[in-house]
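Trainee: I am attaching a structure below and will ask some questions about it afterwards.
The values are calculated or read from the model by the stated rules, or taken from the named source; none is laboratory data. Predicted, not measured: the structure shown is a model, and the values here were computed from it. With ideal geometry, Cβ positions are generated from the backbone for all residues, glycine too; neighbour counts draw on all protein chains shown. Accessible surface is based on the protein model in full, side chains and every heavy atom, while ligands, DNA and RNA are left aside. Shrake-Rupley method; radii C 1.70, N 1.55, O 1.52, S 1.80 Å.
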Amino acid sequence: MPIRNTTERWGWVSIGFHWLTVVLVLGLLVVGLVMQELPTSRTKMDVYALHKSIGLTVMALTLLRLGWRLVAGTPEPVPGTPRWQVLAAQAAHGALYVVLLAMALSGWLYHSASGIPVKLMWFGLFEVPELSGRDEGVADFAVAAHGWLWVVLLALVLVHAGAALKHHYFNRDATLARMLPGLPPPGPRPGKDS
Ligand code: HEM
Ligand code: HEM
């Protein structure tokens, strides 16, 4: 598999960014929802800190990924994909990038503006600067944004993953296989397309 993307397929760097982000984002969604229900304890603080560190990691990965996209380009749409689907996929991918960044920024801003006396550390290794001073209005806005953006993110992901599966199982084209190494392209439907 090539490092860079080619006109026909994704290279391993983009594939790595994609699936690492998927695992981290699904983890963040689950942990984000569960952590608030934990009883006040040292463990709860540790889980919050972990959520923040992983969220900041997703933000950094997304920025790196967008930079890599500029350098490495993207494959052409799979031949035969209707124009409206190409445009819909581009819009969905753009929205996924925007919402991922907005999600991380709103979390970071909420932490900063709520003024809690806990330093924002990246996995305990180094201190991350605050985005603002203590401000109740900003904190309320940021936590509200963080609270509804995840619903938008989840909806986008479900539509996006559904579209990828539709390409694989119904259109039987290489859209998913070229993003998922090891998955063979589906080929013609036995007895139908052959
Ligand atoms: C893509 C990245 C992120 C995702 C997908 C994500 C997801 C979530 C979700 C689903 C919740 C539960 C929201 C709710 O119950 O309304 C949550 C809560 C929270 N997140 Fe994130 N998060 C991300 C990044 C961050 C970052 C970078 C920070 C801070 C630096 C952060 C700080 C928090 C905090 C403090 C809460 C609890 C909010 C409250 O107490 O109401 N998150 N997150
Ligand atoms: C948290 C979950 C996910 C996020 C945030 C996400 C995000 C993205 C983004 C931003 C792109 C566009 C890449 C680019 O043009 O630079 C993309 C492409 C892609 N994703 Fe996902 N994705 C997620 C889950 C999934 C899942 C579960 C599947 C499969 C079932 C999937 C299959 C694909 C495929 C096949 C492409 C390439 C589309 C093409 O070649 O036009 N993704 N994803």
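Trainee: If you build a Gaussian network model of the chain, linking Cα atoms that sit under 10 Å apart, which residue out of Met103, Met59, Met35 swings the most?
Mentor: Its mean-square fluctuation being the largest, the pick is Met35.
Trainee: Looking only at Ile54, Ile116, Ile15, which one moves most when the chain is put into a Gaussian network model with springs between Cα atoms under 10 Å?
Mentor: Its mean-square fluctuation being the largest, the pick is Ile116.
Trainee: Report the Cα centroid-to-centroid distance between region 74-108 and region 116-177 in angstrom, as an integer.
Mentor: A separation of 14 Å, based on Cα centres.
Trainee: When the convex hull of the Cα atoms of region 12-171 is projected onto a plane and the area is averaged over all directions, what value comes out in nm²?
Mentor: On the way: hull surface 45.0 nm².
The directionally averaged projection comes out at 11.2 nm².
Trainee: Then there is this: Go through Trp122, Ala92, Trp150 and say which Cα lies farthest out towards the positive end of the charge dipole of the chain; charges sit on Cβ, +1 for Lys and Arg, -1 for Asp and Glu.
Mentor: Positive-end residue among those listed: Ala92.
Trainee: Net charge near Met1, counting Lys/Arg +1 and Asp/Glu -1 over other residues with Cβ under 12 Å of its Cβ?
Mentor: +2
Trainee: What is the list of residues in region 154-174 whose amide nitrogen lies under 12 Å from a point 7 angstrom out from the Cα of Leu29, following Cα to Cβ?
Mentor: 154-162
Trainee: In region 63-171, which trypsin sites (Lys or Arg not before Pro) fall in coil by DSSP and have 13 or fewer other Cβ atoms within 10 Å?
Mentor: Lys119, Arg134
Trainee: Using a 1.4 angstrom probe, figure out how much accessible area region 12-171 has per residue, in square angstrom, rounded to the nearest whole.
Mentor: Roughly 60 Å² per residue, with all protein chains present.
Trainee: Distance in nm between label sites at Val128 and Arg42, each 7 Å beyond Cα in the beta-carbon direction?
Mentor: 2.4
Trainee: Comparing Thr81, Thr40, Thr21, which has the greatest mean-square fluctuation in the GNM of the chain with Cα pairs linked when under 10 Å apart?
Mentor: Its mean-square fluctuation being the largest, the pick is Thr40.
Trainee: Magnitude of the Cβ-charge dipole of region 12-171, K/R +1 and D/E -1, about the Cα centre, nearest 20 debye?
Mentor: Using only the charged Cβ atoms, the result is roughly 360 debye.
Trainee: In addition: Quick check: pseudo-label points 7 Å beyond the Cα along Cα→Cβ at Val143 and Leu70, how many nm apart are they?
Mentor: The modelled label-to-label distance comes out at 3.6 nm.
Trainee: Ordered by residue, what ³J(HN,Hα) values in Hz, to whole numbers, does region 86-102 give under the Karplus form 6.51 cos²θ - 1.76 cosθ + 1.60, where θ = phi - 60° and Gly and Pro are x?
Mentor: In residue order, the calculated couplings are 5, 5, 5, 5, 4, 5, 5, 5, x, 5, 4, 4, 4, 5, 4, 5, 5 Hz.
Trainee: Stretched out fully, how many nm does the piece from Gln90 to Lys166 gain, at 0.36 nm a residue minus the Cα gap?
Mentor: This chain segment gains 25.7 nm when fully extended.
Trainee: Here's a follow-up. Positive end of the charge dipole of the chain (Lys, Arg +1 and Asp, Glu -1 on Cβ, about the Cα centre): tell me which of Ser112, Met45, Thr81 has its Cα farthest that way.
Mentor: Thr81
Trainee: With runs of 4+ DSSP H residues as the only contributors, calculate the mean residue ellipticity of the chain at 222 nm using -39,500 (n - 2.57) per run, divided by the residue total and rounded to the nearest 500.
Mentor: -22000 deg cm²/dmol
Trainee: Roughly speaking, to the nearest percent, how much of the chain's 1.4 Å accessible area is carbon and sulfur? Please list the in-between numbers first.
Mentor: Numbers: 8370 of 11800 Å².
Result for the chain: 71 percent of the exposed heavy-atom area is carbon or sulfur.
Trainee: At Asp135 and Leu158, where each label point lies 7 Å from the Cα along Cα→Cβ, what is the point-to-point distance in nanometres?
Mentor: Each label point lies 7 Å from its Cα, and together they span 3.5 nm.
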